[in-house]
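The values are calculated or read from the model by the stated rules, or taken from the named source; none is laboratory data. Please read all numbers here as calculations on a predicted model, not as lab measurements. Every residue, glycine among them, receives a Cβ derived from its backbone with ideal geometry; neighbour counts consider all protein chains shown. SASA here: full protein model, heavy atoms, side chains in, ligands and nucleic acids out. Shrake-Rupley method; radii C 1.70, N 1.55, O 1.52, S 1.80 Å.
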Amino acid sequence: QVQLVESGGGLVQAGGSLRLSCAASGSIFSINYMAWYRQAPGKQRELVATIISGSSTNYADSVKCRFTISRDNAKNTVYLQMNSLKPEDTAVYYCNVNLLTARVSPSYIYWGQGTQVTGSS
C-alpha cells in the first residue's frame with residue numbers, strides 16, 4: 001500500500017505565493033515520475049507540472065515561469081512552488097506519482113487527496 005499526503009493549500013491574494021507538498025509513503029521501491037494536476041470547478045483535470053527522476057521538468061504553458069516543481073528523493077516528496085498566483089489558478093491541486101513497489105513489478109499510479117488553492121482578486 002502507498003499513501004500520498006498533500007499539504008500547503010490555502011487562500012492567497014493575487015500575486016502571492018504558496019508552496020504545496022506531497023509526501024509518498026509505504027511500499028515504494030522507486031519512483032518513475034511525480035506530477036501535479038489541478039481541477040477547477042466545471043473544468044477537466046489538467047496537468048500542471050511533472051518531474052522525472054533527476055531534474056527533468058515540464059510545465060503547462062499557463063504556469064511557466066511562475067510555478068516550480070521539485071522533489072526530494074530521500075523523502076519521496078514532491079513540491080510545487082507557486083508564485084505570482086492569479087485568480088485563474090484557483091483549483092483543487094492533486095499530486096500524482098508513478099512508482100514501482102518492487103525491483104520487478106508493474107508501475108502503479110497513485111493520487112493525492114487534493115488540496116484547495118484559491119487566488120483572490
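Can you tell me which of Ala74, Ala102, Ala35 moves the most in a GNM of the chain? Springs connect C-alpha atoms under 10 Å apart.
Ala74
With +1 on the Cβ of every Lys and Arg and -1 on the Cβ of every Asp and Glu, and nothing else charged, how large is the dipole of the range 31-93 about its Cα centre, in debye rounded to the nearest 20?
With Lys and Arg at +1 and Asp and Glu at -1, about 40 debye.
At a 1.4 Å probe radius, carbon and sulfur cover how many percent of the accessible area of the chain?
49 percent
For each cysteine in the chain, check whether another cysteine's C-beta sits under 4.7 Å from its C-beta; list those where none does.
Cys65
With a 1.4 Å probe and all protein chains left in place, how much accessible area per residue does the chain have, in Å²?
About 53 Å² of surface per residue is accessible.
What stretch of the chain, leaving out the sites themselves, is the longest with no trypsin sites (Lys or Arg not before Pro) in a DSSP loop having at most 11 other Cβ atoms within 10 Å?
For trypsin sites (Lys or Arg not before Pro) (loop position, at most 11 other Cβ atoms within 10 Å), the longest site-free span of the chain is 1-42.
Got a sec? Charge dipole of the chain, +1 on Cβ for Lys and Arg, -1 for Asp and Glu; which of Ser84, Gln113, Ile31 is way out at the positive end?
Farthest towards the positive end: Ile31.
Enumerate the aspartates and glutamates that Lys64 could reach by cross-link, defined here as Cα to Cα under 17 Å, with residues fewer than 8 away along the same chain left out.
Partners found: Glu46, Glu88, Asp89.
Quick check: with the 1.4 Å probe, what order do Tyr33, Tyr79, Tyr93 take by accessible area, largest first?
In descending accessible area the options line up as Tyr33, Tyr79, Tyr93.
Size of the dipole of the chain about the Cα centre, Lys and Arg at +1 and Asp and Glu at -1 on the beta carbon, nothing else charged, in debye to 20?
100 debye
Using alpha-carbon pairs under 8 Å, 6+ residues apart, how would you state the relative contact order of the chain in percent?
Values: 301 pairs, mean separation 43.5, N = 121.
Reported relative contact order: 36 percent.
Out of the DSSP beta bridges found with both residues in the chain, what percent are antiparallel (nearest 5)?
So the antiparallel bridges amount to about 90 percent of the total.
Take every DSSP beta bridge whose two residues both sit in the range 2-58, then give the antiparallel share in percent to the nearest 5.
On the way: 14 of 14 bridges.
Taking every DSSP beta bridge within the range 2-58, about 100 percent pair in antiparallel fashion.
Students often forget the sequence filter, so: which lysines lie under 18 Å Cα-Cα from Lys43 once same-chain residues fewer than 8 apart are removed?
Lys86
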